[in-house]
Every structure is written in structure tokens, then in C-alpha cells.
1. How large is the translational diffusion coefficient of segment 90-221 in µm² per second when you combine the Kirkwood radius over alpha carbon pairs with Stokes-Einstein at 25 °C and 0.890 mPa s?
2. Could you calculate the contour length gain from residue 30 to residue 384, that is, 0.36 nm times the residue separation minus the distance between their Cα atoms, to one decimal place in nm?
3. Can you list the equivalent-ellipsoid semi-axes of segment 78-135, largest first and in whole Å, using the square root of 5 times each Cα gyration tensor eigenvalue?
4. Output the peptides 376-389, 175-188 sorted from most to least packed, where packing is the average of other Cβ atoms within 10 Å over each peptide's residues.
5. How do 121-128, 141-148 rank on mean C-beta neighbours within 10 Å, highest first?
6. Quick check on segment 38-137: what are the equivalent-ellipsoid semi-axes from the Cα gyration tensor, as sqrt(5λ), descending, whole Å?
7. Work out, step by step, the length gained on full extension between residue 260 and residue 355: first 0.36 nm times the residue separation, then minus their alpha carbon distance; give nm to one decimal.
8. Roughly how large, in nm² to one decimal, is the mean projection of the convex hull of the alpha-carbon atoms in segment 4-70?
């Protein structure tokens with residue numbers, strides 16, 4: 001049996017731990033007859049907690065008085081926590097299934113629950129919420145959540161959660177048009193991962209793919225090529241498939257209908273874990289696609305070799321990639337075909353990229369229309385080429401282009417200027433160049449030659 005002092009110490013420890021889990025400072029809980037110094041004494045076990053203060057703190061921290069006193073949850077509270085975790089796994093499954101608004105709504109509902117869900121559940125919900133925001137084209141909002149999660153000292157470099165957050169941070173900086181920040185985050189994370197795991201393994205793939213693209217986007221072609229050469233052997237390993245996922249989901253639904261929350265949670269967790277295995281296949285495809293794109297952008301482009309890697313990537317991504325992944329691969333294939341003089345094939349790949357991009361403003365559509373315009377010009381179909389470039393003008397002049405402001409937008413305008421210039425339409429070219437300079441925050445500078453290179457992320 002605990003002594004009075006032992007019980008006071010344990011209550012203080014639970015108060016401190018819960019406050020930190022909730023992200024609160026002592027000053028956030030102080031007030032109404034309880035100063036910061038008094039709360040500090042309570043947390044250190046140097047003062048007993050009165051029943052009135054205990055009830056107030058339990059309400060503030062979103063737990064029961066029983067838990068603060070004993071560290072034990074009631075059966076009712078344990079069942080409530082299981083229900084919250086089940087709701088979260090269903091939101092995560094919606095995320096995996098491409099139902100991003102529903103996933104975001106589910107995560108936010110779990111995070112708004114009072115009393116709050118357990119700390120581990122809340123972390124998962126916040127991570128999934130950031131993922132949903134990214135997929136919905138709101139990377140700036142996702143970054144705020146991801147930075148805070150990544151700074152948490154309780155997750156160690158090399159862990160699955162740490163790796164997922166590092167990759168997401170790098171990717172969202174790219175989507176927000178901040179390749180230099182993506183490089184900084186990615187390089188630091190890769191160094192930490194290398195310190196834990198000296199030889200590259202599958203864990204390096206996701207981070208490596210994001211960092212290669214970050215170097216590529218920021219102009220560091222040599223660094224991107226060096227990292228791609230290091231990781232490319234991993235792309236030849238075979239990934240296992242996840243055919244049982246649907247069966248687990250169906251079994252989980254049946255268990256939920258029968259009121260067995262614990263079993264439903266277990267089965268849905270299994271379903272959630274299985275698709276993660278296919279992420280390795282996706283990263284393999286992205287690595288090959290990124291390598292092919294690097295071969296096109298080097299000082300001595302190698303379109304034939306690039307095309308072979310991109311064809312392999314296309315097969316891999318058709319099996320387990322996202323539509324945006326496949327669209328980026330199609331754009332690179334279009335570039336390779338145009339370099340090889342296969343203009344009809346280049347146009348076909350650009351059209352497939354447009355189909356995959358859909359109606360969402362991701363920026364892929366802009367680059368696909370640019371590629372298609374160039375392909376049509378090279379085919380001698382001037383009217384269709386002009387129509388494609390006018391479409392690009394309309395997209396870039398609206399708020400629905402899906403490109404980050406600054407460098408990405410400037411590069412697209414500059415590429416458009418190059419293509420207008422290639423068609424002999426100097427007035428249109430100069431307008432596009434001026435728009436590009438304005439997007440970059442410059443004026444009076446000479447236009448630079450743009451590469452028709454889309455963002456892969």
C-alpha cells in the first residue's frame with residue numbers, strides 16, 4: 001500500500017506528464033487560487049492536492065479524478081478510448097483510400113473530443129490530419145502540424161514515426177515552393193538515419209526520393225545524382241503485396257456491427273498496416289522516375305537511358321503509385337520522347353499526364369499543357385500548339401494553377417515564354433517573361449532558359 005507521501009508524489013507525476021502530453025505550460029493551468037509556484041510544488045510531490053483542486057485539474061487536463069488519484073481508468077473510459085482509436089483507424093483507412101475530406105473530418109473529430117483521447121491516439125490523429133491537409137493541397141497548414149510533431153523528443157531518429165514525419169516535412173516544403181528548406185530538413189534527417197543504419201535499406205527510400213527531388217528542384221543536380229546512384233540498387237528489390245487488406249477490413253466491419261470494438265480495432269489496425277508494405281513499391285517507382293528525370297537534366301542529357309528507367313517506373317507506379325506520381329512520370333516520359341524526336345509519343349504521354357492530373361489544381365496540369373504545346377509545335381500543328389499555350393496563360397493568370405508562389409510560378413512563366421519565343425510570337429513571350437520576373441520578385445533582368453521539368457511531388 002502506498003504511503004501518503006508516495007501517493008502525493010505519484011499524483012504530481014501524473015499531473016506533470018498529462019500537462020506535457022497536452023502541450024500545456026504550468027501558466028496555462030494556473031489561476032483561480034492556484035499560482036504557478038503552487039502547481040510546481042504539486043507536480044514535484046511537495047504538496048498534497050485538495051479535492052477541489054484535483055477536480056479542477058482533472059477537468060483542465062481532460063481526464064478523470066480517479067485517474068489522477070490512482071493511475072487507473074474505469075471500464076467505461078477504457079471503452080471510450082477504444083472507440084476513439086477505432087474512429088481514428090477508420091479515418092486513416094479513408095486517407096489510404098483517397099477519401100481525403102472524410103479523413104480530415106474524422107481526424108479533427110477525434111482531436112476535438114473531450115475529455116481528450118490518449119496521447120498516442122492524438123499523435124496519430126495529428127499526423128494523419130497533416131497527411132490529409134497535404135493531399136488536399138494545403139501544405140502550409142500541414143507544415144505547422146508536422147514541425148511540432150517532428151520536434152517531439154520522445155520519438156527517436158530511425159523509428160517508423162520519425163521517418164514518416166521527416167519524409168512528410170520534406171515533401172510539404174517542396175509543395176509549398178521551399179526546396180531549400182526541404183534540402184535542409186532532408187539532409188539532416190538522412191544524416192541521422194545513416195548514424196543509426198549505416199548501410200542503405202528500404203527505410204532510406206522514402207526520405208531519399210524526397211531529398212533527390214529537393215536537390216533537383218533547388219538546382220543541385222550533382223547532389224541529386226550522387227544520392228540517386230547510392231539508393232538505386234534498392235529499387236531492384238521485390239516488395240511484398242498486401243492482398244489480405246480487404247479481408248481484414250471486411251472482418252473489422254463485421255466485428256464493429258456485432259459490437260466487438262476491441263476485435264474491430266485489432267482487425268482494422270491490421271488492414272491499416274498491410275498497405276504500408278506497398279509504399280516500398282511506390283518509393284521504388286519514384287526513385288526510378290526521379291533517376292530518369294535526372295538523366296534528362298544533366299549537362300549531357302541521356303534520353304534513351306532515361307526512357308528505360310521511366311518505363312520501369314511507369315510499371316511500378318501503375319501498381320502502387322498515386323495518380324500524381326504517375327502524372328509526373330508521364331511528364332518525364334514526354335520530355336524523353338521529345339528529345340528523341342518521337343513527337344507523337346511525347347504528345348500522348350503529355351495527354352495521359354493531363355488525364356491523371358484531373359481537375360484538381362496541383363501544378364501538374366500546367367506542365368502537361370506546356371509539354372503538349374511543345375509536342376504539337378514540333379509536329380507542325382501550330383494552331384493546337386497555340387491553343388495549349390493559351391490554356392497555360394489562363395491557368396497561370398488565375399488562382400487555380402496549383403503552383404507555389406515564387407520560384408515554381410516564375411519557372412512556369414519562364415518556360416511559357418521560351419515556348420512562345422520558339423513559335424515566333426515575341427510579344428507573348430515577353431509578356432510571359434515579365435510575369436515570371438514579377439513572380440520571382442525581380443525586374444529588369446534578362447530571361448533565363450527554362451527546362452520543361454515538372455515537380456514530381
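1. Working: Rh = 15.3 Å.
Diffusion coefficient, whole number: 161 µm²/s.
2. Working: separation 354, 0.36 × 354 = 127.44 nm, distance 6.86 nm.
Here the answer is 120.6 nm.
3. On the way: eigenvalues 70, 23, 14 Å².
So the three semi-axes of segment 78-135 are 19, 11, 8 Å.
4. Output ranking for 376-389, 175-188: 175-188, 376-389.
5. Values: 121-128: 20.4, 141-148: 18.2.
The packing order, highest mean first, is 121-128, 141-148.
6. Values: eigenvalues 229, 41, 17 Å².
Each semi-axis is the square root of five times an eigenvalue, giving 34, 14, 9 Å.
7. My answer for the length gained is 29.9 nm.
8. Values: hull surface 15.3 nm².
Answer in nm², one decimal: 3.8.
Since every read-out is calculated from the coordinates, none of them should be taken as a lab result. Nothing here was measured: the structure is a model prediction, and the numbers come from that model. Methodologically, a virtual Cβ is constructed for each residue, glycine included, from the backbone with ideal geometry; neighbour enumeration extends over all protein chains shown.
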